[in-house]
Amino acid sequence: MEKIRIANARNLIITTGIKLLQRNLVAGSWGNISMRIDKDSYAITPSGRPYELLVEEDVVIVNAKGVKLAGTALPSSELLMHLAIYESFPATNAVIHTHSVYASACAAMHRQIPPLLEDTAQIAGGPIRVAKYAIAGTKELADNAVAALENANAVLLANHGAVSCGNCLDEALTIAEIVEKSAQVFCITSAIGEAFPLPAADVMQLRSFYLDHYRKRQRGE
Ligand SMILES: [Zn+2]
(Lines give C-alpha, C1' and ligand atoms only; values in the text may rest on other atoms or scores of the structure.)
Protein backbone atom coordinates (compact mmCIF):
# COMPACT_ATOMS: atom_id res chain seq x y z
CA MET A 1 0.00 0.00 0.00
CA GLU A 2 2.76 2.39 1.04
CA LYS A 3 4.72 1.53 -2.11
CA ILE A 4 1.66 2.24 -4.25
CA ARG A 5 1.14 5.63 -2.57
CA ILE A 6 4.77 6.57 -3.16
CA ALA A 7 4.68 5.38 -6.79
CA ASN A 8 1.47 7.36 -7.41
CA ALA A 9 2.97 10.51 -5.89
CA ARG A 10 6.11 10.17 -8.00
CA ASN A 11 4.06 9.69 -11.18
CA LEU A 12 1.90 12.70 -10.39
CA ILE A 13 5.02 14.84 -9.88
CA ILE A 14 6.47 13.68 -13.22
CA THR A 15 3.27 14.33 -15.20
CA THR A 16 2.85 17.73 -13.53
CA GLY A 17 6.43 18.62 -14.52
CA ILE A 18 5.67 17.85 -18.17
CA LYS A 19 2.54 20.04 -17.98
CA LEU A 20 4.59 22.91 -16.50
CA LEU A 21 6.99 22.66 -19.45
CA GLN A 22 4.17 22.44 -22.01
CA ARG A 23 2.48 25.50 -20.52
CA ASN A 24 5.72 27.55 -20.42
CA LEU A 25 5.66 27.91 -16.65
CA VAL A 26 9.20 26.56 -16.26
CA ALA A 27 12.20 25.86 -18.50
CA GLY A 28 14.86 23.14 -18.33
CA SER A 29 15.14 21.89 -14.76
CA TRP A 30 14.16 25.20 -13.14
CA GLY A 31 11.28 25.44 -10.70
CA ASN A 32 10.19 22.55 -8.50
CA ILE A 33 7.15 20.49 -7.49
CA SER A 34 6.20 18.66 -4.32
CA MET A 35 3.25 16.91 -2.72
CA ARG A 36 2.37 15.59 0.71
CA ILE A 37 2.05 11.79 0.80
CA ASP A 38 1.12 11.53 4.48
CA LYS A 39 1.84 13.46 7.65
CA ASP A 40 5.55 12.69 7.62
CA SER A 41 6.45 11.99 4.01
CA TYR A 42 6.65 14.19 0.95
CA ALA A 43 7.61 13.68 -2.70
CA ILE A 44 9.69 16.42 -4.37
CA THR A 45 11.44 16.90 -7.70
CA PRO A 46 15.20 16.26 -7.72
CA SER A 47 17.77 19.00 -8.06
CA GLY A 48 19.01 19.85 -11.55
CA ARG A 49 17.30 17.17 -13.65
CA PRO A 50 15.23 18.11 -16.72
CA TYR A 51 11.51 17.41 -16.30
CA GLU A 52 11.19 15.48 -19.55
CA LEU A 53 13.84 12.96 -18.48
CA LEU A 54 12.54 12.26 -14.97
CA VAL A 55 11.82 8.66 -13.98
CA GLU A 56 10.08 7.51 -10.80
CA GLU A 57 13.28 6.82 -8.84
CA ASP A 58 14.49 10.39 -9.49
CA VAL A 59 11.63 11.86 -7.47
CA VAL A 60 12.91 12.18 -3.91
CA ILE A 61 10.92 11.12 -0.85
CA VAL A 62 11.73 13.04 2.34
CA ASN A 63 10.30 13.31 5.84
CA ALA A 64 9.08 16.55 7.45
CA LYS A 65 12.63 17.32 8.61
CA GLY A 66 13.96 16.99 5.06
CA VAL A 67 15.76 13.69 5.64
CA LYS A 68 15.82 11.63 2.44
CA LEU A 69 13.85 8.40 2.70
CA ALA A 70 14.12 7.27 -0.94
CA GLY A 71 15.33 8.43 -4.34
CA THR A 72 18.52 8.37 -6.37
CA ALA A 73 19.07 12.13 -6.55
CA LEU A 74 19.37 15.13 -4.26
CA PRO A 75 16.06 16.85 -3.48
CA SER A 76 15.27 20.24 -5.02
CA SER A 77 17.34 23.09 -3.59
CA GLU A 78 14.05 24.71 -2.51
CA LEU A 79 13.16 21.79 -0.20
CA LEU A 80 13.20 24.04 2.89
CA MET A 81 10.57 26.34 1.37
CA HIS A 82 8.26 23.46 0.43
CA LEU A 83 8.51 21.89 3.91
CA ALA A 84 7.98 25.26 5.64
CA ILE A 85 4.77 25.76 3.65
CA TYR A 86 3.43 22.29 4.57
CA GLU A 87 4.26 22.88 8.23
CA SER A 88 2.52 26.28 8.32
CA PHE A 89 -0.52 25.41 6.18
CA PRO A 90 -1.94 21.97 7.00
CA ALA A 91 -4.59 22.22 4.22
CA THR A 92 -1.85 22.52 1.59
CA ASN A 93 -0.97 19.18 0.03
CA ALA A 94 0.86 20.35 -3.11
CA VAL A 95 3.31 23.15 -3.88
CA ILE A 96 4.57 24.26 -7.29
CA HIS A 97 7.37 26.81 -7.72
CA THR A 98 7.57 28.36 -11.20
CA HIS A 99 9.73 30.86 -13.06
CA SER A 100 7.06 31.98 -15.52
CA VAL A 101 7.83 35.17 -17.45
CA TYR A 102 5.20 37.69 -16.37
CA ALA A 103 5.12 36.56 -12.74
CA SER A 104 8.93 36.88 -12.76
CA ALA A 105 8.64 40.39 -14.24
CA CYS A 106 6.36 41.45 -11.35
CA ALA A 107 8.70 39.71 -8.88
CA ALA A 108 11.66 41.60 -10.35
CA MET A 109 9.81 44.89 -9.81
CA HIS A 110 8.64 43.86 -6.31
CA ARG A 111 5.13 44.66 -7.54
CA GLN A 112 2.27 42.73 -6.04
CA ILE A 113 -0.39 41.67 -8.56
CA PRO A 114 -3.68 43.45 -7.80
CA PRO A 115 -6.94 41.47 -8.03
CA LEU A 116 -8.06 42.96 -11.35
CA LEU A 117 -9.84 39.76 -12.38
CA GLU A 118 -12.19 37.45 -10.56
CA ASP A 119 -9.91 34.40 -10.71
CA THR A 120 -7.04 36.40 -9.17
CA ALA A 121 -9.35 37.42 -6.33
CA GLN A 122 -10.43 33.81 -5.90
CA ILE A 123 -6.92 32.43 -5.45
CA ALA A 124 -5.48 35.28 -3.37
CA GLY A 125 -8.35 37.07 -1.62
CA GLY A 126 -6.56 40.33 -2.46
CA PRO A 127 -3.32 41.11 -4.26
CA ILE A 128 -0.83 38.32 -4.89
CA ARG A 129 1.83 39.56 -2.48
CA VAL A 130 5.61 39.61 -2.94
CA ALA A 131 7.77 37.77 -0.39
CA LYS A 132 10.85 39.72 0.67
CA TYR A 133 13.99 38.86 -1.26
CA ALA A 134 16.33 36.19 0.03
CA ILE A 135 18.70 34.07 -1.99
CA ALA A 136 17.28 30.82 -3.40
CA GLY A 137 17.36 27.73 -1.23
CA THR A 138 17.75 29.50 2.13
CA LYS A 139 15.71 29.24 5.33
CA GLU A 140 15.24 32.99 5.07
CA LEU A 141 13.49 32.59 1.70
CA ALA A 142 11.31 29.82 3.20
CA ASP A 143 10.32 32.09 6.10
CA ASN A 144 9.67 35.06 3.80
CA ALA A 145 7.46 32.95 1.51
CA VAL A 146 5.38 31.63 4.43
CA ALA A 147 4.99 35.15 5.89
CA ALA A 148 3.79 36.62 2.57
CA LEU A 149 1.47 33.71 1.75
CA GLU A 150 -0.72 34.24 4.83
CA ASN A 151 -3.97 32.54 3.79
CA ALA A 152 -3.59 32.94 0.01
CA ASN A 153 -2.89 30.18 -2.51
CA ALA A 154 -0.04 32.00 -4.22
CA VAL A 155 2.83 34.39 -3.64
CA LEU A 156 5.62 35.95 -5.67
CA LEU A 157 9.26 35.58 -4.58
CA ALA A 158 11.11 38.88 -5.10
CA ASN A 159 13.65 38.77 -7.97
CA HIS A 160 12.89 35.10 -8.49
CA GLY A 161 9.46 33.67 -9.43
CA ALA A 162 6.19 32.42 -7.97
CA VAL A 163 4.85 29.76 -5.60
CA SER A 164 1.40 28.19 -5.95
CA CYS A 165 -0.24 25.97 -3.33
CA GLY A 166 -3.27 23.70 -3.47
CA ASN A 167 -4.94 20.77 -1.81
CA CYS A 168 -3.75 18.62 -4.73
CA LEU A 169 -1.30 18.98 -7.63
CA ASP A 170 -4.09 19.71 -10.11
CA GLU A 171 -5.25 22.67 -8.02
CA ALA A 172 -1.68 23.95 -7.55
CA LEU A 173 -1.12 23.71 -11.32
CA THR A 174 -4.32 25.64 -12.07
CA ILE A 175 -3.26 28.28 -9.56
CA ALA A 176 0.19 28.56 -11.18
CA GLU A 177 -1.58 29.25 -14.49
CA ILE A 178 -3.86 31.86 -12.92
CA VAL A 179 -0.86 33.57 -11.30
CA GLU A 180 0.88 33.83 -14.67
CA LYS A 181 -2.27 35.06 -16.44
CA SER A 182 -2.91 37.60 -13.67
CA ALA A 183 0.66 38.89 -13.96
CA GLN A 184 0.35 39.12 -17.74
CA VAL A 185 -2.92 41.06 -17.57
CA PHE A 186 -1.43 43.37 -14.91
CA CYS A 187 1.63 44.06 -17.12
CA ILE A 188 -0.55 44.68 -20.21
CA THR A 189 -3.01 46.97 -18.43
CA SER A 190 -0.14 48.86 -16.75
CA ALA A 191 1.44 49.46 -20.17
CA ILE A 192 -1.82 50.72 -21.70
CA GLY A 193 -3.14 52.77 -18.81
CA GLU A 194 -4.94 51.93 -15.62
CA ALA A 195 -7.32 49.04 -14.96
CA PHE A 196 -10.49 49.34 -12.90
CA PRO A 197 -9.97 47.46 -9.62
CA LEU A 198 -12.56 45.00 -8.33
CA PRO A 199 -14.47 46.33 -5.32
CA ALA A 200 -12.85 45.11 -2.07
CA ALA A 201 -16.09 43.55 -0.79
CA ASP A 202 -16.43 41.55 -4.02
CA VAL A 203 -12.83 40.35 -3.71
CA MET A 204 -13.66 38.92 -0.27
CA GLN A 205 -16.85 37.33 -1.59
CA LEU A 206 -15.05 35.77 -4.54
CA ARG A 207 -12.42 34.31 -2.22
CA SER A 208 -15.09 32.81 0.06
CA PHE A 209 -16.86 31.36 -2.97
CA TYR A 210 -13.63 29.76 -4.16
CA LEU A 211 -12.82 28.24 -0.79
CA ASP A 212 -16.36 26.91 -0.28
CA HIS A 213 -17.40 25.78 -3.72
CA TYR A 214 -14.30 25.10 -5.79
CA ARG A 215 -12.78 22.86 -3.16
CA LYS A 216 -16.04 20.98 -2.62
CA ARG A 217 -16.19 20.39 -6.37
CA GLN A 218 -12.60 19.17 -6.34
CA ARG A 219 -13.56 16.66 -3.69
CA GLY A 220 -16.55 15.57 -5.78
CA GLU A 221 -19.16 16.85 -3.29
ZN1 LIG B 1 13.34 29.12 -8.31
### Task
Determine whether residue 72 is more than 15 Å from the chain's Cα centre (by Cα) and farther than 19 Å from residue 166 by Cα.
yes
### Query
Is it the case that the stretch 82-96 has a residue that's assigned to a helix (DSSP H, G or I) and in contact with a Pro (Cβ under 7 Å, 6 or more places away or on another chain)?
no
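Only one residue in 138, 72 is among the hydroxyl-bearing types (Ser, Thr, Tyr), without any contact (Cβ under 8 Å) to a residue 60 or more places away in the chain, open to solvent by 10 Å² or more (accessible area, probe 1.4 Å) and within 15 Å of the ligand (Cβ to nearest atom). Which one? Give the derivation first.
Numbers: 72 fails: within 15 Å of the ligand (Cβ to nearest atom).
Criteria check complete, one pass: 138.
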### Message
Quick check on residue 135: is it in a loop (DSSP other than H, G, I, E, B), aliphatic (A, V, I, L, M) and under 23 Å from residue 77 (Cα atoms)?
### Response
yes
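This table checks each residue for (1) at pLDDT 95 or above; (2) polar (S, T, N, Q); (3) within 13 Å of residue 116 (Cα to Cα).
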site: 151; (1), (2), (3): no, yes, no
site: 169; (1), (2), (3): yes, no, no
site: 189; (1), (2), (3): yes, yes, yes
site: 199; (1), (2), (3): yes, no, yes
site: 212; (1), (2), (3): no, no, no
site: 215; (1), (2), (3): no, no, no
#### Entry: Out of 212, 202, sole residue that is within 22 Å of residue 92 (Cα to Cα), charged (D, E, K, R) and surrounded by fewer than 20 Cβ atoms within 10 Å (Cβ to Cβ)
212
### Message
Restricting to the stretch 11-33, and then to whatever is hydrophobic (A, V, I, L, M, F, W, C), in a helix (DSSP H, G or I) and over 15 Å from residue 179 (Cα atoms), can you tell me which residue is farthest from the ligand (Cβ to nearest atom)?
### Response
12
### Those residues of the stretch 30-50 which are open to solvent by less than 50 Å² (accessible area, probe 1.4 Å), more than 16 Å from the chain's Cα centre (by Cα) and among the polar types (S, T, N, Q), in sequence order
41
### Query
Would you call residue 104 over 16 Å from residue 154 (Cβ atoms), within 14 Å of the ligand (Cβ to nearest atom), touching a residue at least 24 places away in the same chain (Cβ under 8 Å) and open to solvent by 20 Å² or more (accessible area, probe 1.4 Å)?
no
### Summary
Looking across the stretch 167-187 at residues that are of a type in the set (Val, Ile, Thr) and more than 16 Å from the ligand (Cβ to nearest atom), the single one that is least open to solvent (accessible area, probe 1.4 Å) is 175
#### Entry: The one condition in (1) free of Cβ contacts under 8 Å to residues at least 24 places away in the same chain; (2) under 26 Å from residue 36 (Cβ atoms) that residue 132 fails to fulfil
(1)
### Hey, residue 100 more than 21 Å from residue 186 (Cβ to Cβ) and among the hydroxyl-bearing types (Ser, Thr, Tyr) or not
no
## Note on the structure
In the stretch 108-132, anything more than 16 Å from the ligand (Cβ to nearest atom) and part of a helix (DSSP H, G or I) is listed as 118, 119, 120, 121, 122, 123, 124
### Task
List the number of the failed condition for residue 147; all other conditions in (1) away from the ligand (no atom under 13 Å from the Cβ); (2) in contact with a helix residue (DSSP H, G or I) (Cβ under 7 Å, 6 or more places away or on another chain); (3) part of a helix (DSSP H, G or I) hold.
(2)
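With the condition kept exactly as written, say whether any residue in the stretch 109-119 is open to solvent by less than 60 Å² (accessible area, probe 1.4 Å) and among the acidic types (Asp, Glu).
First, the residues of the stretch 109-119 that are open to solvent by less than 60 Å² (accessible area, probe 1.4 Å): 113-117, 119.
Filter again for among the acidic types (Asp, Glu), leaving 119.
For the stretch 109-119, residues open to solvent by less than 60 Å² (accessible area, probe 1.4 Å) and among the acidic types (Asp, Glu): present.
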### Query
Pick from 190, 164: which is more than 16 Å from the ligand (Cβ to nearest atom) and under 15 Å from residue 103 (Cα atoms)?
190
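The values are calculated or read from the model by the stated rules, or taken from the named source; none is laboratory data. These numbers come from a predicted model, not from an experiment. When we count neighbours, we look across all protein chains shown, and the Cβ atoms used for this are built from the backbone with ideal geometry, even at glycine. In case anyone asks, the SASA skips ligands and DNA or RNA and just uses the protein heavy atoms, side chains included. Shrake-Rupley method; radii C 1.70, N 1.55, O 1.52, S 1.80 Å.
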